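To start, the structure under review is shown below, and the notes come after it.
The values are calculated or read from the model by the stated rules, or taken from the named source; none is laboratory data. Here the structure is a predicted model, which is why all the values come from computation and not from measurement. A quick note on method: Cβ atoms are made from the backbone with ideal geometry, for glycine too, and the neighbour counts reach across all protein chains shown.
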Amino acid sequence: MKCLIVTAHPLKDSLCATLTQNVVNTLKQAGHEVMVEDLYEEKFEPALTVNERQSYYAKSYDASNVAAQVERLQEAEALVLLFPTWWFGFPAILKGWFDRVWGPGIAYEHASDFGPIKPRLDSLRKVLVITTLGAPWWVDRLILRQPIKKIVKFALLGTCAKNSKLRYLSLYNSEKLNKMKIKRFKRKIEKTLFVWM
């Protein structure tokens, strides 16, 4: 299976970097084809350009500046998003990746007078979100009701990849972890990938 891993953390020695390597190793050992897109390493520019925004509702969206990212997304059968949750949202660089790469004519077709938005990411079958949060679980789940999970499930996948199945793993209290908790979470990721893939 072609697996695209998109990771977004500015520090090379971060927990997210460690978890990303764990995912890469697990998928490769299982025989999957793995593509890694490290948005900070690639110095991905998150802001829509003037041309991109002007072409958003034109005949064709100008994705020339993100052509490589678009190609990887369209080829992917599985997508792993690995990032820290900051202020209960995506890191800006990852939000920009959605804004620029999941464009019209790529991830979806605009709604017409005769129907709703049409999804275009038909090859994408599996999506795994792995995120770290400084907050405890009850703030994310009980008070805020998992805002990122809702955006991924309903806005992104519900619109662009209706055939995909979502799995969502959160590591809470990530600033107060010990080696044993990290090891347990890594095992949870490995088990999820083994069952899920």
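Which one is farthest from ILE93 (Cα to Cα), of the residues in the stretch 2-22 that are part of a loop (DSSP other than H, G, I, E, B) and not basic (Lys, Arg)? Full working, then the answer.
Keep residues of the stretch 2-22 that are part of a loop (DSSP other than H, G, I, E, B), which gives 8-14.
Still in the running and not basic (Lys, Arg): 8-11, 13-14.
On the way: ALA8: 7, HIS9: 9, PRO10: 10, LEU11: 13, ASP13: 18, SER14: 16 Å.
Among those residues, the one meeting the criterion is ASP13.
Scan the stretch 65-89 and report the pairs whose first residue is of a type in the set (Lys, Arg) and whose second residue is in a helix (DSSP H, G or I), with Cβ atoms within less than 8 Å and a gap of 6+ or a chain change.
none
Name the one entry in GLU109, GLU75 that is within 21 Å of VAL23 (Cβ to Cβ) and surrounded by fewer than 20 Cβ atoms within 10 Å (Cβ to Cβ). Show your work before the answer.
On the way: GLU109 fails: within 21 Å of VAL23 (Cβ to Cβ).
Criteria check complete, one pass: GLU75.
Quickly run through the stretch 112-149 and pick out the residues that are under 21 Å from ALA67 (Cα atoms) and surrounded by 15 or more Cβ atoms within 10 Å (Cβ to Cβ).
Result: PRO119, ARG120, LEU121, SER123, LEU124.
In this structure, does VAL50 turn out to be under 16 Å from the mean Cα position of the chain (by Cα) and modelled with pLDDT of 95 or more? Outline the logic, then answer.
Values: under 16 Å from the mean Cα position of the chain (by Cα): no; modelled with pLDDT of 95 or more: yes.
The answer is no for VAL50.
Given the conditions (1) within 28 Å of SER170 (Cα to Cα); (2) in contact with a helix residue (DSSP H, G or I) (Cβ under 8 Å, 6 or more places away or on another chain), which single one is not true for ASP122?
Failed condition: (2).
Among the candidates GLN74, GLN146, which residue alone is within 16 Å of the chain's Cα centre (by Cα), at pLDDT 95 or above and of a type in the set (S, T, N, Q)? Steps first, answer last, please.
Working: GLN146 fails: at pLDDT 95 or above.
Exactly one of GLN74, GLN146 is within 16 Å of the chain's Cα centre (by Cα), at pLDDT 95 or above and of a type in the set (S, T, N, Q), namely GLN74.
For every residue, the table says whether it meets (1) modelled with pLDDT of 95 or more; (2) surrounded by fewer than 18 Cβ atoms within 10 Å (Cβ to Cβ); (3) over 18 Å from the mean Cα position of the chain (by Cα).
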{"site": "ALA161", "(1), (2), (3)": "yes, no, no"}
{"site": "SER164", "(1), (2), (3)": "yes, no, no"}
{"site": "ARG167", "(1), (2), (3)": "yes, yes, no"}
{"site": "LYS176", "(1), (2), (3)": "no, yes, yes"}
{"site": "LYS179", "(1), (2), (3)": "no, yes, yes"}
{"site": "ILE189", "(1), (2), (3)": "yes, no, no"}
{"site": "VAL195", "(1), (2), (3)": "no, yes, yes"}
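Could you figure out which of (1) free of Cβ contacts under 8 Å to residues at least 24 places away in the same chain; (2) within 18 Å of the chain's Cα centre (by Cα); (3) not in a helix (DSSP H, G or I) isn't true of TYR40?
Failed condition: (1).
Against the definition (outside any loop (DSSP other than H, G, I, E, B) and under 23 Å from THR7 (Cβ atoms)), how does LEU121 come out, yes or no?
On the way: outside any loop (DSSP other than H, G, I, E, B): no; under 23 Å from THR7 (Cβ atoms): yes.
Here the answer is no, as LEU121 does not meet what is asked.
Just need a number here: residues in the stretch 124-134 that are part of a loop (DSSP other than H, G, I, E, B) and either at pLDDT 95 or above or of a type in the set (Lys, Arg) (or both). Give the derivation first.
The initial filter retains those residues of the stretch 124-134 that are part of a loop (DSSP other than H, G, I, E, B), namely 124-125, 133-134.
Restricting the remaining residues to those that are either at pLDDT 95 or above or of a type in the set (Lys, Arg) (or both) gives 124-125.
Result for the stretch 124-134: 2.
For the stretch 150-159, what are the residues that are crowded, with 17+ Cβ neighbours inside 10 Å and more than 16 Å from PHE88 (Cβ to Cβ)?
The answer is LEU156, LEU157, THR159.
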